[in-house]
Amino acid sequence: MNRYFKYILLITFVTFILLIAFLQFNSTRSIDRLIAGNESLLDDLTVKTTLQRLQTDIITLESKVRGMVIDGTAADTAHLDTELTRIRSTLQELSILRSDKTIAPLISQLNELVDTKIRFDQAVLDSFKTNGRVAAAQMINAPGSKINIDAIRSVITAIEGLHQLSVTASIKEADSNGRKAKAMGTVMAILAIAASLLAFAYVTLKMRQQQRLIARLDSSEKKAREAAMIKEKFLANMSHEIRTPLNAILGYTNLLQRQNLGDHSKEYVEVIQRSGENLLTIVDDVLDLSKIEAGMMRIEPAPFSMRGLVHSIEAMFHSRAIEKDITLTSMVDEHYPDTVEGDPTRLTQILVNLIGNAIKFTEKGNIAVHVMVDGIIENTVNTAITITDSGIGIAKEKLEKIFERFQQAEDSATRKYGGTGLGLSIVNELVRLQKGSITVISELGKGTSFKILIPYIISTETARQAQKKNDHPIILPVSKQGRILVVEDNEINQGLLKHLLSDWKLEFDIAGNGVEAIGLLRHRQYELILMDIQMPEMDGYTTAQAIRNDLKLDTPIIAMTAHAMAGEREKCLGYGMNEYISKPIREVQLRQLIGQFINLQQPAHTTLRNDESPVYSCINLQYMKEVSGGDKQYERTVTDLFIDAIPGDLDGIEKAWQSGNISLLRQIVHNMRSSISIMGLNDKLDTYLDILEYENLSPGTYASTYHAIQSICDKSLEEAKMFLRAIA
């Protein structure tokens, strides 16, 4: 029924329109007739007046003629001519009645009688002039003189009678036409009201349907957003949870590789390391893919140096290329602009993926990265980047599907080289997000060449100065042990790094933010910088840019951040940093990274204390015990810092919310992550902290989230105080 409703409604509407048009036509015709009848009535009134005037004029003429004869006065010829002219003019006006067949004979008779009367009066006047008053009087008094005037009166009366009948008929017709027009007007008004009500009902129905549809769409969209957010949060949490043990696995695997192992043991360790790295890559790919599907992958333009970015990536793959005895070279066209605006993080991710694949699928030969200018339009440079290798190549029939998800050139590639087939799909999506294109040319056994075209805006700002190719590779370890600069604003993290660096017999200085770090770097030389990303006054990205651009220093920088999200490492590299470590900081992983740049003499702790400690329901002391290595003083210090910091953080969050300062609230929440990590509270609080830091907050969401955080923190503070009393 619903399917035919719109057709029924359309037919009804058209019928209404045609009916109203028909009624309007008839109404207009009735009104026209009414107007014509009214005009006819006016003409009838005019005719009656004209007949009366004719009769009066004839009687007046006769009276004047009689008066002149009786009085014997001379005739006023001009005046009489005027009277005669008016009588003839009146007769002419009455000629319109000839259209009525019943009146036409009377009009002719009237004309004859009037002409006879005029001739008789003219004859009387002529006799008066010629024969005198007596002769004229005899003519007037003759027996037949009055017959003519009586006949004229009789004819006029007859004409008036017949004309009155015509007037009466016109009045009746006018009444009839008026009633018809009124009736049709009423019907038209009723139909118009009915049509308006029908149209209003239809529009109202459609509006209600549209509102219900919009409500359903809003609900569906909200559910989709919530599902995407839940999925993203789940994947982020899972990524974090998977990364933590993976980092430990890879870290300890690296330590094992430094030991004197037998052939079988060494092979086992290599398999463990390779499997761990593959698993970490899969986690990154799945997280990136989910972000792209959810539309949460954002392109964030920023000024950057293409030469510096390419050189950093070349340095990053330097050791892997040497291990496989592959020559890795890069070249940027000399005409390419020094600074462009684009997303260096996504470009780094693209190049890392493609170069990583090239190294993986190339057993011998070379890999070349070329950046060329493919045309400049106004202030936009079309950037052509080619990555060419001499690897195993791709069959022609496989090229069309190479950018599809879970596709690889050969089924055996997964078994031999690893991977999920997501990398090139993600690269393709990232290139498309930047309004670019990617093509591939390949031949089995002769290598592969990927070509990327991405438009970048030529920037007028000064970007990081690219490191020269003849510099020493920045990721290679140096042969000396130097001083380290720690840039960290969180006191608990400061205490952790003090403890670890002191235990490793390393000299160091601590800066509370980027501004302090720049001041120290102006007056002292450091061999390595540990850089927190989010800090007040000047964050880690800005500080790294200042170190590279303003101070012109190539001191290695290791970034420290509370989130291990996909692409974070590439983003740090894009800003001129050299390595990246996620929080909470693991001793083995940090020592491994520092060991890439500085020789470490002091051996790392390889065992943990086995002393018994109370079991707590909230706090988890495993991480603290792992870091402290049995140092009671360190444990007391960081516990004191935790007890002092958490109430202030909670109070700061509440005040920031009450004042509407969401930016400050998010900053406090981010800093709070470092404070809670020492007590092992990330598992319990990260979900709630993510809501406050990343989601759009409503009063209800904030209240429930804050109360959950406050409840966990209150319990954790009680347990921390219990622990502090136990080790006092």
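The values are calculated or read from the model by the stated rules, or taken from the named source; none is laboratory data. Source: prediction; values computed, not measured. Because the Cβ atoms are built from the backbone with ideal geometry, glycine has one as well, and the counts that use them run over all protein chains shown. For accessibility, only protein heavy atoms count, side chains too; no ligands or nucleic acids. Shrake-Rupley method; radii C 1.70, N 1.55, O 1.52, S 1.80 Å.
Taken together, the residues in segment 546-561 that are hydrophobic (A, V, I, L, M, F, W, C), in contact (Cβ under 8 Å) with a residue 40 or more places away in the chain and open to solvent by 20 Å² or more (accessible area, probe 1.4 Å) amount to 0. Close Cβ contacts (under 8 Å, 6 or more residues apart or on different chains) running from residues in segment 614-642 that are open to solvent by 20 Å² or more (accessible area, probe 1.4 Å) to residues that are in a loop (DSSP other than H, G, I, E, B) and of a type in the set (Lys, Arg) comprise 625/609; 626/586; 629/609; 630/609. Taking into account only those residues within segment 365-402 that are touching a residue at least 40 places away in the same chain (Cβ under 8 Å), in a loop (DSSP other than H, G, I, E, B) and open to solvent by 20 Å² or more (accessible area, probe 1.4 Å), which is nearest to residue 318 (Cα to Cα)? The qualifying residue nearest to residue 318 (Cα to Cα) is 390. Put simply, of 469, 435 the only residue that is at pLDDT below 60 and open to solvent by 20 Å² or more (accessible area, probe 1.4 Å) is 469.
Report, ordered by the first and then the second residue, all pairs with beta carbons closer than 8 Å, sequence separation of six or more or different chains, a first member in segment 493-510 that is touching a residue at least 24 places away in the same chain (Cβ under 8 Å), and a second member that is open to solvent by 20 Å² or more (accessible area, probe 1.4 Å) and in a strand (DSSP E or B). From segment 493-510, the pairs are 497/508; 497/510. Listed by first and then second residue, the pairs with beta-carbon distance under 9 Å, at least 6 apart or on different chains, first residue in segment 116-133 and closer than 13 Å to residue 64 by Cα, second open to solvent by 80 Å² or more (accessible area, probe 1.4 Å) and part of a helix (DSSP H, G or I), are 118/88.
Of all residues in segment 682-728, exactly one satisfies the criterion of being open to solvent by 70 Å² or more (accessible area, probe 1.4 Å), outside any helix (DSSP H, G or I) and free of Cβ contacts under 8 Å to residues at least 60 places away in the same chain, namely 696. When you scan segment 76-91, do you find a residue that is outside any helix (DSSP H, G or I) and either at pLDDT 75 or above or at negative phi (or both), even just one? Yes, some residue in segment 76-91 is outside any helix (DSSP H, G or I) and either at pLDDT 75 or above or at negative phi (or both). Which of the residues spanning segment 494-545 are open to solvent by less than 10 Å² (accessible area, probe 1.4 Å) and in a helix (DSSP H, G or I)? If the condition is that a residue be open to solvent by less than 10 Å² (accessible area, probe 1.4 Å) and in a helix (DSSP H, G or I), then 496, 497, 500, 501, 514, 517, 540, 543, 544 are the ones that fit.
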